[in-house]
1. Within the bounds of segment 239-259, is there any residue that is closer than 13 Å to GLY153 by Cβ, touching a helix residue (DSSP H, G or I) at 6+ places or on another chain (Cβ under 8 Å) and assigned to a loop (DSSP other than H, G, I, E, B)?
2. Among the residues of segment 287-338, write down those that are outside any helix (DSSP H, G or I) and of a type in the set (S, T, N, Q).
3. Which one of these is over 18 Å from the mean Cα position of the chain (by Cα) and in the same structural domain as ILE64 (by TED's automatic domain parsing): ALA168, ALA108?
4. Pairs under 6 Å by beta carbon, first residue under 9 Å from ASN330 (Cβ atoms) in segment 387-404, partner at pLDDT below 95 and part of a loop (DSSP other than H, G, I, E, B), six or more apart or different chains?
5. Return the total of residues in segment 250-271 being in contact with an Asp or Glu (Cβ under 7 Å, 6 or more places away or on another chain), buried (at least 20 other Cβ atoms within 10 Å of the Cβ) and farther than 10 Å from ALA160 by Cβ.
6. Being closer than 19 Å to VAL121 by Cβ and of a type in the set (A, V, I, L, M) is the filter here, so list the residues in segment 1-35 that pass it.
7. Are any of the residues in segment 267-286 in a helix (DSSP H, G or I) and under 30 Å from GLY183 (Cα atoms)?
8. Taking interchain pairs and intrachain pairs at least six residues apart, which have beta carbon atoms under 9 angstrom, with the first residue in segment 300-321 and modelled with pLDDT of 95 or more and the second buried (at least 24 other Cβ atoms within 10 Å of the Cβ) and of a type in the set (S, T, N, Q)?
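The values are calculated or read from the model by the stated rules, or taken from the named source; none is laboratory data. Quantities reported herein were computed from a predicted structural model and do not represent experimental measurements. For neighbour counting, all protein chains shown are included, and Cβ atoms are generated from backbone atoms with ideal geometry for every residue, glycine included.
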Amino acid sequence: VGGTPEQQERFIRRIAEEGLIVAYGVTEPEAGSNVQALKTKAERILDDKGDIIGYRLNGQKQFITNGGVAQLYTILAEAPDGPSFFIAEAGDQGLTPGRHEDKHGIRASDTCPLTLEDLIVPKENLIGGIEGQGLKQSNEVFGYTRLMVATFGLGGGMAALEKTIAYAKERVQFGSTLAEKEGYTHKLLVPNAVRLEAARAYIEEVARRLDTNEKDLQVEGSIAKYFTTEAGNAMADDAIQGLGGYGYIREYEVEKIKRDIKITTIYEGTSEIQQRLISMFRLQKTVRSKGDYYKDMAKELESLAGDTGAKELAAMIRLLNDIIFEARANKVTRSQYVTFLMADIMTWCEVGAALCKKAAGYDGKARSHEFMEAASRLFVREAAEKVYLNGLKICVGCDTEVKGLAGRLSGLNLMDIMKNNLKDMDMVSSELVR
């Protein structure tokens, strides 16, 4: 992303052929989620004619993955014309990795600070060849890397789920296995399995769009990362609970999964940063499209065949449009708390849409079609709770009451949406533990 054709040929070929390890040097002690606060400086080096021949970098980087073992480094620094990325190589004078961090999890991953002291890089190593493109380039990267981190969350969550299911099928308490007890399956297994299935559907959808070279999917990356990593982290926590005392012992591994997966809600932008981005950019897109963005999503869901809950979700998405416009008109979106509530509604609706579409046309072998439809209906019910409760907090829970919106929220008809909830949970549970 951002490199000139010459830079891509020069460095990507080396990475592929030589197996080089690369480190991404952005985070600083005072610039974590707020990348714009970076203090690392890139000073131009001029020849006798006043032409740029290179840059001198000075600063400090923090929490750099592969920082102590990389052969190539991409480093973000403030150049005269704005933040810019530069390429440095291991062994360059002035580039010094620090002590390996003793972390809570992902301990096999090398993480350390970097000190840049009069590090000289040639002008050919300015990524893109133009100063001031660094923040734009980093945002483009996030569309890919945040989806990648989402897959980490999905993988960790699925590993925890599988270990919990295996334990539940073997552990006998009060005369029967834990897998036969609703208090276990319907609390610790089914809700997590449904969320992870929804996360998988959304990740697959965004990945397909990236594979078609579709651009500007940064918000989709944020939704994928936020939802999936939180879902995976919740499953890992419930896995420890599900294994009881054994879950707290290293031998049974779920405590390690919990330690490892927690970082996915933090790096590449915390969950709270994702909520901020989701609400800000989806609000802008909704207003600029005059509501068509979510209207089109609702229309697509209304056209789906099968019993996936898609039509109920379509009604929620139309209501989401109302929430956005009414909240904005009443200026309650000035509250970050409100925007986070909106981000959750947006996230659950968009992830739910992906699951409904997958379930409607599902012909895979990993799960039955009935399982996928039941999982989709269960997730739609969870989305309905999110829309209704968060919507109420927005329209009547703020200093300014958003009149008229409460009545439209009541129109969701949660009583009908919740019908057959236990039946669907039973269906999902039976397939999980069979």
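1. Here is the first cut: in segment 239-259, the residues closer than 13 Å to GLY153 by Cβ are 257-258.
Now drop any that are not touching a helix residue (DSSP H, G or I) at 6+ places or on another chain (Cβ under 8 Å), which leaves 257-258.
In the following step, the residues that additionally are assigned to a loop (DSSP other than H, G, I, E, B) were identified as none.
Within segment 239-259 (the criterion being closer than 13 Å to GLY153 by Cβ, touching a helix residue (DSSP H, G or I) at 6+ places or on another chain (Cβ under 8 Å) and assigned to a loop (DSSP other than H, G, I, E, B)), the answer is no, since none of the residues qualifies.
2. SER289, SER303, THR308, ASN330, SER335
3. Numbers: ALA168 fails: in the same structural domain as ILE64 (by TED's automatic domain parsing).
Step by step, each of ALA168, ALA108 is checked, and only ALA108 is over 18 Å from the mean Cα position of the chain (by Cα) and in the same structural domain as ILE64 (by TED's automatic domain parsing).
4. CYS395/VAL402; THR400/ASN330; VAL402/ASN330
5. 1
6. Listed by number, the residues that qualify are VAL1, ILE12, ILE15, LEU20, ILE21, VAL22, ALA23, VAL26.
7. So the first thing to find is which residues in segment 267-286 are in a helix (DSSP H, G or I), and the list is 271-286.
Subsequent filtering for residues that are under 30 Å from GLY183 (Cα atoms) retains 271.
Among the residues of segment 267-286, at least one is in a helix (DSSP H, G or I) and under 30 Å from GLY183 (Cα atoms), which makes the answer yes.
8. Correct list of pairs: LEU301/THR308; ASP307/SER376; THR308/SER376; GLY309/SER376; ALA310/SER376; LEU313/SER376.
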